[in-house]
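To keep things clear, I will list the structure first and then write my remarks on it.
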Amino acid sequence: KQWYQRRVAITAGDFTNYYAVRYQHLHLDALARAHSDKAETFSIGTSYEGRDLKAIRISNNLVNSDSKPMIWVDGGIHAREWVSHTVVMYFANALLGEVEQQKQATFNSLLDKYQFVLLPMSNPDGYEYSRSSNRFWRKTRRPSGCKYNNCNYGRCYGIDPNRNFDADFGNKGVSRNPCSDVYPGKQAFSENNTKAMRDYILKNLSQIKLYLSFHSYSQLFLKPIGYTTRKPKDYATHDAAGSAAVSAIRNTYGKVYKNIRSVELYPTSGSSQDWAYLKGIVHSYTIELRDTGRYGFRLPAREIVPTGKENLNAFIALLNQL
């Protein structure tokens, strides 16, 4: 069993499949052991069901990198969006030279300048449930209430974590029905994973220069703010960053990602991107990955690497905008 787990931990970096949380975590640990001068793993907290919220921090001369500017990347906040956390795993492998070796000179320069904190799987309970029981599950797995306010009709589970941040909480694009996919919870940061993300980001707020969250699907670069049509003061900065990112994506395989404000997709309150922006991280964005609807959330595993490659180019373009 130990041999099998070690083997899967390694092959979880081959990007030919979508792997269970435990194997993703084993792979992150294997990366940190193989690159101990550049990488370390740690947990920012635990989920409702007790799973680690495991992150990896990557930088050159890691032991002396605490004062460097920080880049935050997360994925998997919505359980059914499997490619989102896999792309963040791809980024970790790329930064450490396990893939994209032709870009290592670029990455080496970036690792001299920044420390990268990647949280590939920010909703592990929901993801495991989407693997075992309901492929289209979106939310967390904490009990959230009763159907029709009467538990005789059944119980509801889960809160939408991307409606659970304290950014115009509970007002737009949400439902008060605890069984709804967009139920935001009774209060902001009611969920273990959103609280853990909040606490870590606030602890390092003065150093974070980019907040980037991956979702799927629709091929969109989403900019603040999602709950009002009024343009934020940093609109021009956001637009330039989005233009650079979608251009880099298009120049990779010709895929077209639209550069829009989140509110142009549909109004939403409580998103992680908007909360990060309101906390002062000017460059706070969401990228909705492939595709535009043919496969939707069931994106075939053969699309993982090209999706990773085009968004890695977008990531580099974004970093050049900072």
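The values are calculated or read from the model by the stated rules, or taken from the named source; none is laboratory data. The shown structure was predicted, so the numbers you read here are calculated from the model rather than taken from an experiment. As a convention, Cβ positions derive from the backbone with ideal geometry for all residues, glycine included, and neighbour counts pool all protein chains shown. Each accessible area value is taken on the protein alone, full model and side chains, heavy atoms only, with ligands, DNA and RNA left out. Shrake-Rupley method; radii C 1.70, N 1.55, O 1.52, S 1.80 Å.
Before moving on, here are some points about what is shown:
- Test: residue in the range 216-227 that is at pLDDT 95 or above, out of contact with any Lys or Arg (no Cβ under 9 Å at 6 or more places or on another chain), open to solvent by 20 Å² or more (accessible area, probe 1.4 Å) and farther than 26 Å from ALA92 by Cβ: no
- In the range 61-81, of all residues being more than 27 Å from VAL21 (Cα to Cα) and out of contact with any strand residue (DSSP E or B) (no Cβ under 8 Å at 6 or more places or on another chain), the one that is most open to solvent (accessible area, probe 1.4 Å) corresponds to VAL63.
- Some residue of the range 241-250 being surrounded by fewer than 16 Cβ atoms within 10 Å (Cβ to Cβ), small (Gly, Ala, Ser) and under 20 Å from GLY293 (Cα atoms): no
- In the range 192-223, the residue that is nearest to GLU310 (Cα to Cα) out of those that are assigned to a loop (DSSP other than H, G, I, E, B) and under 16 Å from the mean Cα position of the chain (by Cα) is GLN219.
- Hey, LYS38 under 19 Å from the mean Cα position of the chain (by Cα) and of a type in the set (Lys, Arg) or not: no
- Residue list for the range 105-126, filter: farther than 24 Å from GLY170 by Cβ, in a helix (DSSP H, G or I), in contact (Cβ under 8 Å) with a residue 60 or more places away in the chain and open to solvent by less than 10 Å² (accessible area, probe 1.4 Å): LEU111, PRO124
- Number of positions in the range 155-174 that are surrounded by fewer than 24 Cβ atoms within 10 Å (Cβ to Cβ) and not in a loop (DSSP other than H, G, I, E, B): 3
- Test for LYS255: is it within 23 Å of ALA94 (Cβ to Cβ), of a type in the set (Lys, Arg), touching a residue at least 12 places away in the same chain (Cβ under 8 Å) and out of contact with any Phe, Trp or Tyr (no Cβ under 7 Å at 6 or more places or on another chain): yes
- Test for ASP52: is it open to solvent by 50 Å² or more (accessible area, probe 1.4 Å), more than 17 Å from HIS85 (Cβ to Cβ) and in contact (Cβ under 8 Å) with a residue 12 or more places away in the chain: no
- Taking the criterion of being within 12 Å of ALA79 (Cβ to Cβ), touching a residue at least 24 places away in the same chain (Cβ under 8 Å) and either open to solvent by less than 60 Å² (accessible area, probe 1.4 Å) or in a loop (DSSP other than H, G, I, E, B) (or both), the residues of the range 127-154 that qualify are TYR127, GLU128, SER130, ARG135, PHE136, TRP137, ARG138, LYS139, THR140, ARG141.
- In the range 263-290, the qualifying residues are those that are assigned to a loop (DSSP other than H, G, I, E, B) and out of contact with any helix residue (DSSP H, G or I) (no Cβ under 7 Å at 6 or more places or on another chain), and the one that is nearest to ASN204 (Cα to Cα) is ILE281.
- Any hit, the range 122-141, residues being more than 24 Å from ILE44 (Cβ to Cβ) and within 18 Å of the chain's Cα centre (by Cα): yes
- First in the range 173-185 and over 15 Å from TYR227 (Cα atoms), second anywhere and surrounded by 15 or more Cβ atoms within 10 Å (Cβ to Cβ) and of a type in the set (Lys, Arg), Cβ under 6 Å, 6 or more apart: ASP181/ARG138
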